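Please read the structure below before turning to the comments.
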Amino acid sequence: MGRMKSIWFCLGLTWCLLLANVVVANGQQTAGKSKSLVLEVTRNGHGNIFPLRTQLYFRLYGSGRIEYETPSPFDPEASKPNWDFILKTCYLSKEKAEELLELARKIDVGNLNSFYPPVGEALDAWMVTTVRFTTSKGPKEITLHNIRLNNKKTEEAYPPYLLKLLRLIEELRPRTDEERIYKWDTLY
């Protein structure tokens with residue numbers, strides 16, 4: 001009789017472990033969908049422009065979480081500028097996250113060019129902005145050179161839905177005081 005109890009105990013324990021494993025796996029799938037990367041915007045300056053290395057400007061996840069890099073605080077005592085970035089994370093409000101996710105879903109990524117040349121002439125510097133989308137067909141990368149979101153020529157050269165998305169990203173991205181002062185907070 002004692003042996004039979006231990007067999008039933010082992011079977012019950014095995015069943016509980018299997019059930020717990022299924023529940024955990026299901027929870028991870030749901031969390032994975034909300035944590036999945038939707039889009040990412042990076043920028044890299046060349047010449048006489050900030051930033052002089054690749055900066056994560058905006059990264060959006062399905063949960064509404066965003067990540068972005070800001071310049072480290074200015075130190076007047078330093079012998080040279082500190083161009084290190086600090087990675088920051090925050091969450092968009094539910095309404096703003098839904099608005100941005102909806103706009104990102106509406107974009108027909110397949111019809112976007114991989115490269116958009118500069119609209120104006122660059123004198124001593126140029127900015128390379130890269131937008132990466134995660135789609136059902138795989139990742140899509142778009143490279144924009146010296147984009148000016150408020151320039152009439154830009155309106156004519158770029159798809160309106162891409163400009164609308166970039167303007168919304170620029171509006172939603174949190175800014176530091178230094179970014180506002182030195183105007184490092186805009187896409188260009």
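Coordinate-derived values only; no laboratory data. Note that the coordinates shown come from a computational prediction; the quantities given were computed from them, not determined experimentally. Cβ: placed from backbone, ideal geometry, glycine included. Neighbour counts: every protein chain shown.
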Quiz prompt | region 92-141, dipole about Cα centre (Lys/Arg Cβ +1, Asp/Glu Cβ -1), debye to the nearest 20 | solution = 300 debye
Quiz item: Using alpha-carbon positions, what is the distance between the centroids of region 43-106 and region 107-122, in Å?
Solution: 21 Å
Self-check item: Rough spin-label spacing in nm, given labels placed 7 Å along Cα→Cβ, for GLU98 and THR176
Solution: 3.4 nm
Practice problem: Using DSSP to define loop residues, name the GluC sites (Glu not before Pro) in region 59-133 whose beta-carbon has at most 14 other beta-carbon atoms within 10 Å. | Solution: GLU77, GLU121
Practice problem: Once you have the Cα-Cα distance between LEU56 and THR186, take 0.36 nm times their residue separation minus that, and quote the gain in nm to one decimal. | Solution: 45.5 nm
Quiz item: How much length is gained on full extension from GLU77 to ASP124, taking 0.36 nm per residue of separation minus their Cα-Cα distance?
Solution: 14.1 nm
Exercise. Find the percent of Cα-Cα distances in region 36-182 that exceed 20 Å, and round it to a whole number.
Key: 51 percent
Quiz item: Say R0 is 25 Å: what FRET efficiency, to the nearest 0.05, do ALA157 and SER114 get from their beta-carbon distance?
Solution: 0.95
Practice problem: Mind listing the long-range amide H neighbours of ASN151? Cut-off is under 5 Å, sequence gap 5 or more, other chains count too, H placed in the peptide plane at 1.01 Å from N. | Solution: none
